[in-house]
Amino acid sequence: MAAIINRKVKEQLYPTHDLLDASLPLTPDNDLWVHLIARGGRGYYIAEPLAYYRKHEDAMTMPARLIPRLQGELRTLHDKLEGVCPPEFEAARSEAVQQRFASIGFELLASGHADEARTNLHEAHTRCRGRRRDIAAARIIAGLPCPQGCRARVWRLALGVAQRLGMTHQQL
């Protein structure tokens, strides 16, 4: 009986919260960092790998899982951090949100889902205020009046030409 009372008192004094958000199935580590930083913790970057992940078909780092992973990161950066991000990190957060919108749009366009890509590319273009030519080019290609597969081939061709010229896709 004393153990049950002690447990109840402990729960009242030290309420426990679920650290991981169930709405972010592919980004539990990012969500954990959001919670830690929002509670006053500090994050540090260490330039060496601390863990190695085995590759398997459900791994977040596999190309097939790239779009869901980017969407999870976008939810973390855009929805979860908005309003709780410290002011000194707000510019970096906004840039990361814009980059995630662009990356999702690029990946959707390259995979033949140009109609879905248009929304993300429009949001990325709005956030960068038209300063990035790669986003502008992708928006134009995504809006071409031709089948989605054709638009995907045109985008991949543009990326291939940029690569052969020694440019990154941001320099298009």
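The values are calculated or read from the model by the stated rules, or taken from the named source; none is laboratory data. Source: prediction; values computed, not measured. Here the Cβ is made from the backbone with ideal geometry for all residues, glycine too, and neighbour counts use every protein chain on show.
Would you mind stating whether residue 97 is more than 16 Å from residue 68 (Cα to Cα) and free of Cβ contacts under 8 Å to residues at least 40 places away in the same chain? Taking the combined requirement at face value, the residue does not satisfy it. Scanning the range 103-153 for residues that are buried (at least 18 other Cβ atoms within 10 Å of the Cβ) and among the β-branched types (Val, Ile, Thr) gives 104, 135, 141.
Within the range 127-172, the set of residues being over 22 Å from the mean Cα position of the chain (by Cα), in a helix (DSSP H, G or I) and of a type outside the set (A, V, I, L, M) comprises 148, 149, 150, 151, 153, 160, 163, 164. For the range 157-168, the set of residues classified as within 16 Å of residue 111 (Cα to Cα) and surrounded by 14 or more Cβ atoms within 10 Å (Cβ to Cβ) consists of 158, 159, listed by residue number. Looking at the range 60-68, is at least one residue within 30 Å of residue 159 (Cβ to Cβ), at pLDDT below 70, within 16 Å of the chain's Cα centre (by Cα) and surrounded by 13 or more Cβ atoms within 10 Å (Cβ to Cβ)? Within the range 60-68, one or more residues are within 30 Å of residue 159 (Cβ to Cβ), at pLDDT below 70, within 16 Å of the chain's Cα centre (by Cα) and surrounded by 13 or more Cβ atoms within 10 Å (Cβ to Cβ). I need the full set of residues from the range 120-156 which are under 17 Å from residue 74 (Cα atoms) and without any contact (Cβ under 8 Å) to a residue 12 or more places away in the chain, in order please. If the condition is that a residue be under 17 Å from residue 74 (Cα atoms) and without any contact (Cβ under 8 Å) to a residue 12 or more places away in the chain, then 126 is the only one that fits.
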